[in-house]
Amino acid sequence: MRNEKAAIRNWTRLQSRLGRQAARSVVGSGLLSSLAGIGQAWCVAVVLGHALVGWQGAAEGSIFPAWPFLLFPALAILRALCMIQADIAAARAGIVARRRLRGEVMAAILAGGPALLRRTHSGVLASLVVDRIEALDGFFGRWVPASVLWMAAPVAILVPVGIMQPRAALILGLCGVAVPVGQAVFGIGAAVASRNQFLAMTRLQARFLDRIKGIATIVLAGRTEDETRRLADAADELRVRTMKVLRVAFLSSASIDCAMVGAFILLAVLDGRQALVMQANGPSPALQHVVVASLFALLAVPEFFAPLRSFALAYQDRAHAQGAATAILDLPEVTERPVLDGARTVNANGVMVAFDDVGFTWDPARGPALEHVTFTVPAGETLVLAGPSGAGKSTIMELLLGFIAPQSGRVLFNGAPLQTIVPDALSRVVSWIGQKPVLFAGTLRDNILFAKPDADERELASALRSAAVDEFLPTLPDGLDTHIGEGGFGLSGGQAQRVAIARAYLKNAPVLLLDEPTAHLDPVTEKSVFESLQRLAVGRTVILATHSAAAHMFKGRRIDLQNGRVVNRQGAA
(Lines give C-alpha, C1' and ligand atoms only; values in the text may rest on other atoms or scores of the structure.)
Protein backbone atom coordinates (compact mmCIF):
# COMPACT_ATOMS: atom_id res chain seq x y z
CA MET A 1 0.00 0.00 0.00
CA ARG A 2 2.83 2.38 0.91
CA ASN A 3 4.64 1.65 -2.35
CA GLU A 4 1.43 2.22 -4.28
CA LYS A 5 0.89 5.63 -2.66
CA ALA A 6 4.50 6.59 -3.36
CA ALA A 7 4.09 5.55 -7.01
CA ILE A 8 0.92 7.65 -7.30
CA ARG A 9 2.66 10.67 -5.76
CA ASN A 10 5.65 10.29 -8.08
CA TRP A 11 3.37 9.97 -11.12
CA THR A 12 1.39 13.06 -10.09
CA ARG A 13 4.57 15.06 -9.56
CA LEU A 14 5.90 13.99 -12.95
CA GLN A 15 2.69 15.04 -14.68
CA SER A 16 2.71 18.35 -12.78
CA ARG A 17 6.27 19.00 -13.88
CA LEU A 18 5.43 18.22 -17.50
CA GLY A 19 2.25 20.30 -17.26
CA ARG A 20 4.01 23.39 -15.94
CA GLN A 21 6.00 23.70 -19.13
CA ALA A 22 2.79 24.13 -21.11
CA ALA A 23 1.11 26.23 -18.40
CA ARG A 24 3.69 29.02 -18.20
CA SER A 25 1.54 31.37 -20.26
CA VAL A 26 -1.47 30.54 -18.05
CA VAL A 27 0.54 31.43 -14.94
CA GLY A 28 1.84 34.64 -16.51
CA SER A 29 -1.63 35.71 -17.61
CA GLY A 30 -3.08 34.88 -14.20
CA LEU A 31 -0.41 36.84 -12.38
CA LEU A 32 -0.89 39.86 -14.63
CA SER A 33 -4.67 39.59 -14.14
CA SER A 34 -4.24 39.68 -10.34
CA LEU A 35 -2.02 42.75 -10.55
CA ALA A 36 -4.56 44.43 -12.82
CA GLY A 37 -7.24 43.62 -10.25
CA ILE A 38 -5.15 45.25 -7.53
CA GLY A 39 -4.74 48.31 -9.75
CA GLN A 40 -8.52 48.49 -10.12
CA ALA A 41 -8.91 48.17 -6.34
CA TRP A 42 -6.55 51.11 -5.89
CA CYS A 43 -8.56 53.23 -8.35
CA VAL A 44 -11.81 52.46 -6.52
CA ALA A 45 -10.17 53.14 -3.12
CA VAL A 46 -8.93 56.55 -4.27
CA VAL A 47 -12.35 57.56 -5.61
CA LEU A 48 -14.24 56.33 -2.53
CA GLY A 49 -11.69 57.77 -0.13
CA HIS A 50 -11.93 61.20 -1.72
CA ALA A 51 -15.71 61.00 -1.78
CA LEU A 52 -15.95 60.04 1.89
CA VAL A 53 -13.33 62.38 3.34
CA GLY A 54 -13.32 65.10 0.76
CA TRP A 55 -10.57 66.06 -1.68
CA GLN A 56 -7.63 67.39 0.28
CA GLY A 57 -5.50 68.75 -2.54
CA ALA A 58 -2.07 70.09 -2.11
CA ALA A 59 -3.29 73.57 -2.99
CA GLU A 60 -6.56 75.42 -2.70
CA GLY A 61 -8.76 75.01 -5.74
CA SER A 62 -7.27 71.72 -6.93
CA ILE A 63 -9.78 69.50 -8.71
CA PHE A 64 -10.88 65.90 -8.13
CA PRO A 65 -8.34 63.50 -9.78
CA ALA A 66 -9.40 62.11 -13.17
CA TRP A 67 -6.74 59.42 -13.55
CA PRO A 68 -8.71 56.71 -11.61
CA PHE A 69 -11.58 57.03 -14.10
CA LEU A 70 -9.19 56.56 -17.02
CA LEU A 71 -7.01 53.86 -15.49
CA PHE A 72 -9.87 51.67 -14.22
CA PRO A 73 -11.38 50.82 -17.65
CA ALA A 74 -7.89 50.36 -19.13
CA LEU A 75 -7.07 47.85 -16.39
CA ALA A 76 -10.47 46.18 -16.91
CA ILE A 77 -9.69 45.66 -20.61
CA LEU A 78 -6.21 44.37 -19.76
CA ARG A 79 -7.66 41.98 -17.21
CA ALA A 80 -10.26 40.68 -19.65
CA LEU A 81 -7.56 40.04 -22.25
CA CYS A 82 -5.46 38.22 -19.65
CA MET A 83 -8.38 36.02 -18.65
CA ILE A 84 -9.14 35.19 -22.29
CA GLN A 85 -5.49 34.34 -22.92
CA ALA A 86 -5.35 32.22 -19.76
CA ASP A 87 -8.46 30.26 -20.73
CA ILE A 88 -7.17 29.62 -24.25
CA ALA A 89 -3.73 28.59 -22.99
CA ALA A 90 -5.26 26.33 -20.31
CA ALA A 91 -7.48 24.61 -22.88
CA ARG A 92 -4.49 24.16 -25.18
CA ALA A 93 -2.35 22.75 -22.36
CA GLY A 94 -5.11 20.30 -21.43
CA ILE A 95 -5.51 19.13 -25.02
CA VAL A 96 -1.77 18.56 -25.47
CA ALA A 97 -1.41 16.72 -22.16
CA ARG A 98 -4.46 14.51 -22.74
CA ARG A 99 -3.25 13.63 -26.23
CA ARG A 100 0.15 12.67 -24.81
CA LEU A 101 -1.33 10.61 -21.98
CA ARG A 102 -3.87 8.90 -24.23
CA GLY A 103 -1.04 7.92 -26.59
CA GLU A 104 0.98 6.50 -23.69
CA VAL A 105 -2.01 4.55 -22.36
CA MET A 106 -2.90 3.18 -25.79
CA ALA A 107 0.73 2.13 -26.30
CA ALA A 108 0.66 0.32 -22.95
CA ILE A 109 -2.62 -1.41 -23.82
CA LEU A 110 -1.27 -2.50 -27.20
CA ALA A 111 1.91 -3.70 -25.52
CA GLY A 112 -0.18 -5.77 -23.09
CA GLY A 113 -2.23 -7.27 -25.93
CA PRO A 114 -4.83 -9.96 -25.24
CA ALA A 115 -2.95 -10.94 -22.08
CA LEU A 116 -3.97 -7.60 -20.55
CA LEU A 117 -7.64 -8.29 -21.31
CA ARG A 118 -7.42 -11.52 -19.35
CA ARG A 119 -6.79 -9.60 -16.11
CA THR A 120 -8.42 -6.23 -16.87
CA HIS A 121 -11.99 -5.82 -18.07
CA SER A 122 -12.37 -4.15 -21.47
CA GLY A 123 -14.88 -1.74 -19.92
CA VAL A 124 -12.25 -0.66 -17.38
CA LEU A 125 -9.74 -0.02 -20.16
CA ALA A 126 -12.33 1.89 -22.18
CA SER A 127 -13.18 4.00 -19.13
CA LEU A 128 -9.49 4.71 -18.59
CA VAL A 129 -8.78 5.75 -22.18
CA VAL A 130 -11.91 7.90 -22.51
CA ASP A 131 -13.32 9.07 -19.17
CA ARG A 132 -10.37 9.11 -16.82
CA ILE A 133 -7.98 10.78 -19.21
CA GLU A 134 -10.68 13.24 -20.27
CA ALA A 135 -11.22 14.09 -16.59
CA LEU A 136 -7.55 15.11 -16.41
CA ASP A 137 -8.35 18.22 -18.45
CA GLY A 138 -8.89 20.10 -15.18
CA PHE A 139 -5.64 18.78 -13.75
CA PHE A 140 -3.54 20.27 -16.54
CA GLY A 141 -5.76 23.26 -17.32
CA ARG A 142 -6.62 24.35 -13.75
CA TRP A 143 -4.63 22.53 -11.09
CA VAL A 144 -1.15 22.92 -12.57
CA PRO A 145 -1.45 26.73 -13.03
CA ALA A 146 -3.28 27.08 -9.70
CA SER A 147 -0.50 25.17 -7.91
CA VAL A 148 1.84 28.04 -8.87
CA LEU A 149 -0.56 30.99 -8.73
CA TRP A 150 -1.87 30.22 -5.23
CA MET A 151 1.50 31.34 -3.86
CA ALA A 152 2.80 33.73 -6.53
CA ALA A 153 -0.34 35.88 -6.87
CA PRO A 154 -0.97 36.47 -3.11
CA VAL A 155 2.70 37.38 -2.60
CA ALA A 156 2.51 39.83 -5.51
CA ILE A 157 -0.66 41.33 -3.96
CA LEU A 158 0.89 41.62 -0.50
CA VAL A 159 3.67 43.86 -1.83
CA PRO A 160 1.50 46.93 -2.71
CA VAL A 161 -0.78 46.28 0.27
CA GLY A 162 2.27 46.18 2.55
CA ILE A 163 3.52 49.47 1.11
CA MET A 164 0.20 51.18 1.76
CA GLN A 165 -0.84 49.39 4.96
CA PRO A 166 1.77 47.06 6.57
CA ARG A 167 -0.61 45.91 9.28
CA ALA A 168 -3.19 44.88 6.68
CA ALA A 169 -0.54 42.90 4.79
CA LEU A 170 0.33 41.04 7.99
CA ILE A 171 -3.33 40.18 8.65
CA LEU A 172 -3.85 38.99 5.08
CA GLY A 173 -0.70 36.88 5.24
CA LEU A 174 -1.75 35.18 8.49
CA CYS A 175 -5.27 34.47 7.23
CA GLY A 176 -3.82 33.20 3.94
CA VAL A 177 -1.51 30.77 5.76
CA ALA A 178 -4.54 29.26 7.51
CA VAL A 179 -6.08 28.26 4.16
CA PRO A 180 -3.54 25.55 3.15
CA VAL A 181 -3.96 23.95 6.58
CA GLY A 182 -7.70 23.58 5.98
CA GLN A 183 -7.08 22.39 2.43
CA ALA A 184 -4.70 19.70 3.65
CA VAL A 185 -7.29 18.41 6.11
CA PHE A 186 -10.11 18.30 3.58
CA GLY A 187 -7.82 17.32 0.70
CA ILE A 188 -7.14 13.88 2.17
CA GLY A 189 -10.85 13.16 2.28
CA ALA A 190 -11.31 14.59 -1.21
CA ALA A 191 -8.68 12.29 -2.72
CA VAL A 192 -10.21 9.20 -1.09
CA ALA A 193 -13.74 10.20 -2.09
CA SER A 194 -12.66 10.90 -5.68
CA ARG A 195 -10.89 7.54 -6.02
CA ASN A 196 -13.97 5.75 -4.66
CA GLN A 197 -16.17 7.65 -7.09
CA PHE A 198 -14.04 6.63 -10.07
CA LEU A 199 -14.04 3.04 -8.83
CA ALA A 200 -17.84 3.06 -8.65
CA MET A 201 -18.04 4.62 -12.13
CA THR A 202 -15.69 1.99 -13.54
CA ARG A 203 -17.74 -0.83 -12.02
CA LEU A 204 -20.93 0.61 -13.45
CA GLN A 205 -19.40 1.01 -16.92
CA ALA A 206 -17.96 -2.51 -16.91
CA ARG A 207 -21.23 -4.04 -15.74
CA PHE A 208 -23.25 -2.05 -18.28
CA LEU A 209 -20.92 -3.05 -21.13
CA ASP A 210 -21.10 -6.72 -20.13
CA ARG A 211 -24.90 -6.66 -20.00
CA ILE A 212 -25.19 -4.93 -23.38
CA LYS A 213 -22.92 -7.55 -24.93
CA GLY A 214 -24.93 -10.39 -23.41
CA ILE A 215 -28.40 -8.86 -23.60
CA ALA A 216 -29.75 -11.68 -25.77
CA THR A 217 -28.58 -14.30 -23.28
CA ILE A 218 -30.02 -12.31 -20.36
CA VAL A 219 -33.43 -12.06 -22.02
CA LEU A 220 -33.51 -15.75 -23.00
CA ALA A 221 -32.51 -16.76 -19.47
CA GLY A 222 -35.26 -14.62 -17.94
CA ARG A 223 -32.79 -12.58 -15.87
CA THR A 224 -33.83 -9.14 -17.12
CA GLU A 225 -35.28 -7.93 -13.81
CA ASP A 226 -32.30 -9.18 -11.79
CA GLU A 227 -29.76 -7.46 -14.03
CA THR A 228 -31.84 -4.27 -14.09
CA ARG A 229 -31.80 -4.23 -10.29
CA ARG A 230 -28.02 -4.79 -10.18
CA LEU A 231 -27.45 -1.96 -12.63
CA ALA A 232 -29.68 0.29 -10.52
CA ASP A 233 -27.68 -0.63 -7.40
CA ALA A 234 -24.41 0.21 -9.18
CA ALA A 235 -25.85 3.53 -10.37
CA ASP A 236 -27.05 4.34 -6.85
CA GLU A 237 -23.59 3.60 -5.46
CA LEU A 238 -22.12 6.05 -7.97
CA ARG A 239 -24.68 8.69 -6.92
CA VAL A 240 -23.80 8.30 -3.22
CA ARG A 241 -20.06 8.50 -3.86
CA THR A 242 -20.50 11.54 -6.10
CA MET A 243 -22.41 13.33 -3.37
CA LYS A 244 -19.58 12.56 -0.94
CA VAL A 245 -17.13 14.22 -3.32
CA LEU A 246 -19.37 17.30 -3.51
CA ARG A 247 -19.73 17.42 0.27
CA VAL A 248 -15.96 17.45 0.77
CA ALA A 249 -15.65 20.12 -1.94
CA PHE A 250 -18.19 22.35 -0.15
CA LEU A 251 -16.36 21.95 3.16
CA SER A 252 -13.08 22.86 1.47
CA SER A 253 -14.65 26.02 0.03
CA ALA A 254 -16.09 26.92 3.45
CA SER A 255 -12.60 26.99 4.99
CA ILE A 256 -11.58 29.73 2.54
CA ASP A 257 -14.76 31.69 3.22
CA CYS A 258 -14.05 31.61 6.95
CA ALA A 259 -10.49 32.87 6.44
CA MET A 260 -11.69 35.64 4.11
CA VAL A 261 -14.45 36.77 6.51
CA GLY A 262 -11.92 36.79 9.35
CA ALA A 263 -9.60 39.02 7.30
CA PHE A 264 -12.49 41.39 6.50
CA ILE A 265 -13.49 41.69 10.16
CA LEU A 266 -9.97 42.27 11.46
CA LEU A 267 -9.18 44.89 8.81
CA ALA A 268 -12.49 46.67 9.27
CA VAL A 269 -12.20 46.80 13.06
CA LEU A 270 -8.56 47.88 13.26
CA ASP A 271 -8.57 50.34 10.36
CA GLY A 272 -12.00 51.66 11.30
CA ARG A 273 -10.83 52.43 14.83
CA GLN A 274 -7.78 54.29 13.50
CA ALA A 275 -9.92 56.32 11.09
CA LEU A 276 -12.38 57.26 13.86
CA VAL A 277 -9.58 58.50 16.07
CA MET A 278 -8.18 60.65 13.27
CA GLN A 279 -11.63 61.85 12.29
CA ALA A 280 -11.99 63.49 15.71
CA ASN A 281 -9.24 65.91 14.70
CA GLY A 282 -11.03 66.90 11.51
CA PRO A 283 -10.34 66.19 7.84
CA SER A 284 -6.70 66.15 6.84
CA PRO A 285 -4.43 64.64 4.17
CA ALA A 286 -3.30 62.05 6.75
CA LEU A 287 -6.91 60.97 7.34
CA GLN A 288 -7.48 60.76 3.62
CA HIS A 289 -4.39 58.58 3.24
CA VAL A 290 -5.56 56.25 6.03
CA VAL A 291 -9.07 55.95 4.55
CA VAL A 292 -7.74 55.28 1.05
CA ALA A 293 -5.21 52.72 2.35
CA SER A 294 -7.87 51.01 4.49
CA LEU A 295 -10.33 50.83 1.61
CA PHE A 296 -7.58 49.53 -0.65
CA ALA A 297 -6.74 46.77 1.86
CA LEU A 298 -10.41 45.78 2.15
CA LEU A 299 -10.87 45.74 -1.62
CA ALA A 300 -7.69 43.67 -1.97
CA VAL A 301 -9.08 40.88 0.23
CA PRO A 302 -11.17 39.20 -2.53
CA GLU A 303 -8.24 39.50 -4.94
CA PHE A 304 -5.89 38.00 -2.36
CA PHE A 305 -8.13 34.98 -1.74
CA ALA A 306 -9.17 34.46 -5.39
CA PRO A 307 -6.03 32.39 -6.27
CA LEU A 308 -6.50 30.39 -3.06
CA ARG A 309 -10.13 29.71 -4.00
CA SER A 310 -9.08 28.62 -7.50
CA PHE A 311 -6.49 26.36 -5.90
CA ALA A 312 -9.14 24.80 -3.64
CA LEU A 313 -11.52 24.23 -6.54
CA ALA A 314 -8.72 22.70 -8.60
CA TYR A 315 -7.82 20.35 -5.75
CA GLN A 316 -10.60 18.07 -6.94
CA ASP A 317 -8.84 17.88 -10.29
CA ARG A 318 -5.71 16.70 -8.52
CA ALA A 319 -7.77 14.03 -6.78
CA HIS A 320 -9.07 12.93 -10.19
CA ALA A 321 -5.48 12.66 -11.42
CA GLN A 322 -4.54 10.48 -8.46
CA GLY A 323 -7.52 8.25 -9.17
CA ALA A 324 -6.48 7.93 -12.81
CA ALA A 325 -2.89 7.22 -11.77
CA THR A 326 -4.00 4.07 -9.96
CA ALA A 327 -5.34 2.59 -13.19
CA ILE A 328 -2.57 3.94 -15.45
CA LEU A 329 0.21 2.57 -13.25
CA ASP A 330 -1.45 -0.85 -13.38
CA LEU A 331 -0.86 -1.03 -17.13
CA PRO A 332 2.19 -2.81 -18.56
CA GLU A 333 5.25 -0.63 -18.85
CA VAL A 334 6.26 0.24 -22.39
CA THR A 335 10.00 -0.16 -22.69
CA GLU A 336 12.30 0.72 -25.53
CA ARG A 337 14.04 -2.29 -26.98
CA PRO A 338 16.99 -2.45 -29.36
CA VAL A 339 16.16 -2.81 -33.02
CA LEU A 340 17.01 -6.11 -34.70
CA ASP A 341 18.20 -5.18 -38.18
CA GLY A 342 17.72 -8.66 -39.55
CA ALA A 343 14.07 -8.70 -38.55
CA ARG A 344 13.34 -5.22 -39.84
CA THR A 345 13.34 -6.00 -43.53
CA VAL A 346 12.31 -8.87 -45.75
CA ASN A 347 15.54 -10.27 -47.09
CA ALA A 348 16.21 -13.03 -49.59
CA ASN A 349 16.57 -15.66 -46.88
CA GLY A 350 13.24 -14.82 -45.21
CA VAL A 351 12.73 -15.38 -41.48
CA MET A 352 13.38 -18.57 -39.52
CA VAL A 353 11.18 -19.09 -36.44
CA ALA A 354 12.14 -21.33 -33.53
CA PHE A 355 10.92 -22.24 -30.05
CA ASP A 356 13.70 -23.24 -27.66
CA ASP A 357 12.35 -25.15 -24.61
CA VAL A 358 9.50 -22.66 -24.15
CA GLY A 359 7.22 -22.79 -21.14
CA PHE A 360 4.28 -20.57 -20.17
CA THR A 361 1.54 -20.70 -17.53
CA TRP A 362 -1.61 -18.58 -17.52
CA ASP A 363 -2.99 -19.85 -14.21
CA PRO A 364 -0.92 -22.01 -11.84
CA ALA A 365 -4.10 -23.71 -10.64
CA ARG A 366 -4.76 -25.02 -14.16
CA GLY A 367 -1.20 -26.08 -14.87
CA PRO A 368 1.17 -24.97 -17.64
CA ALA A 369 -0.27 -23.93 -21.01
CA LEU A 370 3.07 -24.81 -22.66
CA GLU A 371 5.83 -27.01 -21.27
CA HIS A 372 9.23 -27.67 -22.87
CA VAL A 373 8.02 -26.85 -26.38
CA THR A 374 10.81 -26.92 -28.96
CA PHE A 375 10.55 -26.69 -32.74
CA THR A 376 12.13 -24.92 -35.71
CA VAL A 377 10.50 -23.60 -38.87
CA PRO A 378 13.10 -22.77 -41.54
CA ALA A 379 12.53 -19.70 -43.66
CA GLY A 380 9.96 -20.24 -46.38
CA GLU A 381 8.57 -23.49 -44.90
CA THR A 382 5.27 -24.37 -43.23
CA LEU A 383 4.49 -25.77 -39.78
CA VAL A 384 1.04 -27.11 -38.89
CA LEU A 385 0.11 -27.06 -35.19
CA ALA A 386 -2.53 -29.69 -34.47
CA GLY A 387 -4.28 -30.67 -31.28
CA PRO A 388 -7.55 -30.34 -29.35
CA SER A 389 -8.80 -27.15 -27.76
CA GLY A 390 -6.62 -26.19 -24.81
CA ALA A 391 -3.56 -27.91 -26.23
CA GLY A 392 -1.63 -24.62 -26.39
CA LYS A 393 -1.95 -23.58 -30.05
CA SER A 394 -3.35 -20.10 -29.32
CA THR A 395 -0.71 -19.55 -26.62
CA ILE A 396 1.99 -20.23 -29.22
CA MET A 397 0.34 -17.68 -31.52
CA GLU A 398 0.27 -15.04 -28.80
CA LEU A 399 3.94 -15.67 -28.04
CA LEU A 400 4.79 -15.26 -31.73
CA LEU A 401 2.80 -12.02 -31.91
CA GLY A 402 4.69 -10.65 -28.90
CA PHE A 403 1.57 -10.23 -26.77
CA ILE A 404 3.12 -12.35 -24.01
CA ALA A 405 6.69 -13.35 -23.19
CA PRO A 406 7.83 -16.90 -22.44
CA GLN A 407 8.34 -17.62 -18.76
CA SER A 408 11.08 -20.09 -19.66
CA GLY A 409 12.97 -20.76 -22.85
CA ARG A 410 13.21 -18.49 -25.88
CA VAL A 411 11.23 -17.57 -29.00
CA LEU A 412 13.68 -16.82 -31.82
CA PHE A 413 13.35 -14.93 -35.11
CA ASN A 414 16.41 -15.53 -37.27
CA GLY A 415 18.24 -16.62 -34.12
CA ALA A 416 17.44 -13.42 -32.19
CA PRO A 417 15.16 -13.51 -29.10
CA LEU A 418 11.74 -12.03 -29.80
CA GLN A 419 12.07 -9.67 -26.82
CA THR A 420 14.92 -7.84 -28.58
CA ILE A 421 12.73 -6.88 -31.55
CA VAL A 422 10.89 -3.57 -31.28
CA PRO A 423 7.12 -3.87 -31.76
CA ASP A 424 7.12 -1.88 -35.01
CA ALA A 425 9.77 -4.15 -36.51
CA LEU A 426 7.88 -7.26 -35.38
CA SER A 427 4.66 -5.89 -36.86
CA ARG A 428 6.36 -5.42 -40.23
CA VAL A 429 7.56 -9.02 -40.47
CA VAL A 430 4.39 -10.78 -39.23
CA SER A 431 0.91 -11.13 -40.73
CA TRP A 432 -1.87 -12.77 -38.74
CA ILE A 433 -5.22 -14.18 -39.82
CA GLY A 434 -7.50 -15.49 -37.08
CA GLN A 435 -10.87 -17.17 -36.80
CA LYS A 436 -12.75 -13.93 -37.28
CA PRO A 437 -11.05 -11.04 -39.09
CA VAL A 438 -11.21 -7.60 -37.51
CA LEU A 439 -13.23 -5.42 -39.90
CA PHE A 440 -14.40 -1.91 -39.10
CA ALA A 441 -17.28 0.20 -40.32
CA GLY A 442 -16.31 1.79 -43.63
CA THR A 443 -15.76 0.88 -47.25
CA LEU A 444 -14.32 -2.41 -48.38
CA ARG A 445 -11.45 -0.49 -49.95
CA ASP A 446 -10.57 1.18 -46.63
CA ASN A 447 -10.61 -2.18 -44.83
CA ILE A 448 -8.22 -3.76 -47.32
CA LEU A 449 -5.90 -0.75 -47.57
CA PHE A 450 -5.64 -0.76 -43.77
CA ALA A 451 -2.64 -3.09 -44.19
CA LYS A 452 -0.86 -0.70 -46.56
CA PRO A 453 -2.52 2.72 -46.91
CA ASP A 454 -0.06 3.87 -49.59
CA ALA A 455 -0.63 0.88 -51.90
CA ASP A 456 -1.27 1.80 -55.54
CA GLU A 457 -4.09 0.47 -57.72
CA ARG A 458 -1.86 -2.19 -59.26
CA GLU A 459 -0.93 -3.64 -55.86
CA LEU A 460 -4.56 -3.48 -54.73
CA ALA A 461 -5.79 -5.27 -57.84
CA SER A 462 -3.15 -7.99 -57.41
CA ALA A 463 -4.19 -8.54 -53.77
CA LEU A 464 -7.87 -8.73 -54.75
CA ARG A 465 -7.12 -11.26 -57.45
CA SER A 466 -4.81 -13.41 -55.30
CA ALA A 467 -7.31 -13.49 -52.40
CA ALA A 468 -10.22 -14.19 -54.80
CA VAL A 469 -12.01 -11.07 -53.57
CA ASP A 470 -12.65 -10.20 -57.21
CA GLU A 471 -14.96 -13.24 -57.45
CA PHE A 472 -17.63 -11.74 -55.14
CA LEU A 473 -16.85 -8.07 -55.76
CA PRO A 474 -19.35 -7.77 -58.69
CA THR A 475 -22.17 -8.92 -56.39
CA LEU A 476 -21.67 -5.94 -54.06
CA PRO A 477 -23.72 -2.79 -54.79
CA ASP A 478 -20.76 -0.40 -55.01
CA GLY A 479 -17.86 -2.77 -55.51
CA LEU A 480 -14.82 -1.75 -53.47
CA ASP A 481 -16.64 1.35 -52.28
CA THR A 482 -19.41 -0.70 -50.68
CA HIS A 483 -19.88 0.22 -47.04
CA ILE A 484 -19.78 -2.62 -44.51
CA GLY A 485 -20.67 -2.54 -40.84
CA GLU A 486 -18.59 -3.09 -37.73
CA GLY A 487 -17.25 -6.64 -37.58
CA GLY A 488 -17.85 -7.19 -41.30
CA PHE A 489 -21.64 -6.82 -41.17
CA GLY A 490 -22.87 -7.25 -44.73
CA LEU A 491 -20.28 -9.89 -45.69
CA SER A 492 -20.39 -13.65 -45.28
CA GLY A 493 -17.78 -15.44 -43.19
CA GLY A 494 -15.87 -16.59 -46.26
CA GLN A 495 -15.93 -13.13 -47.82
CA ALA A 496 -14.65 -11.57 -44.60
CA GLN A 497 -11.76 -14.06 -44.51
CA ARG A 498 -10.87 -13.21 -48.09
CA VAL A 499 -10.68 -9.55 -47.10
CA ALA A 500 -8.21 -10.57 -44.38
CA ILE A 501 -6.19 -12.56 -46.89
CA ALA A 502 -6.12 -9.57 -49.26
CA ARG A 503 -4.75 -7.48 -46.40
CA ALA A 504 -1.99 -10.04 -45.86
CA TYR A 505 -1.13 -9.96 -49.58
CA LEU A 506 -0.79 -6.19 -49.42
CA LYS A 507 1.35 -6.30 -46.28
CA ASN A 508 3.68 -8.87 -47.85
CA ALA A 509 5.25 -9.90 -44.52
CA PRO A 510 7.69 -12.85 -44.51
CA VAL A 511 5.98 -14.60 -41.56
CA LEU A 512 2.34 -15.70 -41.80
CA LEU A 513 0.45 -16.84 -38.69
CA LEU A 514 -2.87 -18.59 -39.29
CA ASP A 515 -4.96 -19.26 -36.17
CA GLU A 516 -7.96 -21.45 -37.07
CA PRO A 517 -8.68 -19.34 -40.18
CA THR A 518 -11.54 -21.60 -41.35
CA ALA A 519 -13.07 -22.52 -37.98
CA HIS A 520 -16.58 -21.23 -38.76
CA LEU A 521 -16.81 -21.93 -42.48
CA ASP A 522 -18.69 -24.62 -44.36
CA PRO A 523 -16.60 -27.29 -46.15
CA VAL A 524 -16.92 -25.73 -49.61
CA THR A 525 -15.97 -22.24 -48.45
CA GLU A 526 -13.23 -23.71 -46.26
CA LYS A 527 -11.63 -25.45 -49.24
CA SER A 528 -11.76 -22.25 -51.29
CA VAL A 529 -10.23 -20.16 -48.48
CA PHE A 530 -7.45 -22.72 -47.97
CA GLU A 531 -6.64 -22.49 -51.67
CA SER A 532 -6.22 -18.73 -51.32
CA LEU A 533 -4.08 -19.23 -48.23
CA GLN A 534 -1.90 -21.69 -50.13
CA ARG A 535 -1.15 -19.04 -52.71
CA LEU A 536 -0.42 -16.54 -49.95
CA ALA A 537 1.95 -18.97 -48.19
CA VAL A 538 4.31 -19.34 -51.16
CA GLY A 539 7.78 -18.08 -50.18
CA ARG A 540 6.73 -17.28 -46.60
CA THR A 541 7.35 -18.87 -43.22
CA VAL A 542 3.90 -20.16 -42.23
CA ILE A 543 2.64 -21.43 -38.87
CA LEU A 544 -0.90 -22.79 -39.07
CA ALA A 545 -2.95 -23.75 -36.00
CA THR A 546 -6.05 -25.70 -36.97
CA HIS A 547 -8.44 -28.54 -36.19
CA SER A 548 -9.47 -28.87 -39.82
CA ALA A 549 -8.87 -32.03 -41.75
CA ALA A 550 -8.31 -29.83 -44.81
CA ALA A 551 -4.97 -28.75 -43.32
CA HIS A 552 -3.38 -31.55 -45.39
CA MET A 553 -3.50 -29.04 -48.27
CA PHE A 554 -0.49 -27.37 -46.58
CA LYS A 555 2.61 -29.43 -47.22
CA GLY A 556 5.33 -29.16 -44.60
CA ARG A 557 6.14 -29.97 -41.02
CA ARG A 558 3.59 -30.88 -38.37
CA ILE A 559 3.59 -31.18 -34.61
CA ASP A 560 0.76 -32.51 -32.44
CA LEU A 561 0.16 -30.82 -29.11
CA GLN A 562 -1.61 -32.14 -26.04
CA ASN A 563 -1.84 -30.40 -22.66
CA GLY A 564 0.88 -27.98 -23.69
CA ARG A 565 3.41 -30.64 -24.73
CA VAL A 566 4.60 -31.85 -28.11
CA VAL A 567 3.43 -35.46 -28.43
CA ASN A 568 4.19 -36.15 -32.08
CA ARG A 569 6.31 -34.68 -34.87
CA GLN A 570 6.18 -35.10 -38.61
CA GLY A 571 9.06 -33.73 -40.62
CA ALA A 572 12.05 -32.16 -38.87
CA ALA A 573 10.20 -29.62 -36.73
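The values are calculated or read from the model by the stated rules, or taken from the named source; none is laboratory data. Worth saying up front: this structure is predicted, and the values here are computed from it rather than measured. With ideal geometry, Cβ positions are generated from the backbone for all residues, glycine too; neighbour counts draw on all protein chains shown. For accessibility, only protein heavy atoms count, side chains too; no ligands or nucleic acids. Shrake-Rupley method; radii C 1.70, N 1.55, O 1.52, S 1.80 Å.
Some observations on this one:
- Among the protein heavy atoms of the chain, carbon and sulfur supply 62% of the accessible surface, probe 1.4 Å, non-protein parts ignored.
- Straight-line reach from K244: taking Cα to Cα under 14 Å and skipping same-chain neighbours fewer than 8 places apart, the aspartates and glutamates in range are D236.
- Cα-based equivalent ellipsoid of the chain: semi-axis lengths in Å, sorted from largest, via gyration tensor: 70, 25, 22
- In the chain, Cα pairs under 8 Å separated by at least six residues give a relative contact order of 16 percent.
- Of the residues I448, A467, L480, the one whose Cα sits farthest toward the positive end of the charge dipole of segment 445-485, with +1 on the Cβ of Lys and Arg and -1 on the Cβ of Asp and Glu, is A467.
- Amide hydrogen neighbours beyond the local backbone of G214, cut-off 5 Å, H modeled: none
- Centre separation in Å (Cα based) which lies between segment 431-498 and segment 9-40: 51
- Scattering profile of segment 353-570 at q = 0.09, 0.13 Å⁻¹ [log10 I(q)/I(0), Debye over alpha-carbon scatterers]: -0.37, -0.75
- Annotation: M243 carries an accessible surface of approximately 110 Å², with a 1.4 Å probe and no ligand, DNA or RNA atoms counted.
- Set of lysines near K527 by C-alpha distance (under 18 Å), chain-local residues within fewer than 8 positions excluded: K436, K555
- All other residues whose Cβ lies under 15 angstrom from that of C82 are scored, Lys and Arg at +1 and Asp and Glu at -1, for a net of 0.
- In the chain, a dipole from Cβ-located charges (positive for Lys and Arg, negative for Asp and Glu) runs towards its positive end, and of L172, A369, G350 it is L172 whose Cα lies farthest in that direction.
- The chain: DSSP helices with Cα axial extent of at least 30 Å and average Kyte-Doolittle hydropathy no lower than -0.5: 24-53, 67-119, 144-164, 166-213, 224-279, 285-328
- Accessible area per residue in Å² at 1.4 Å probe, computed on the chain: 50
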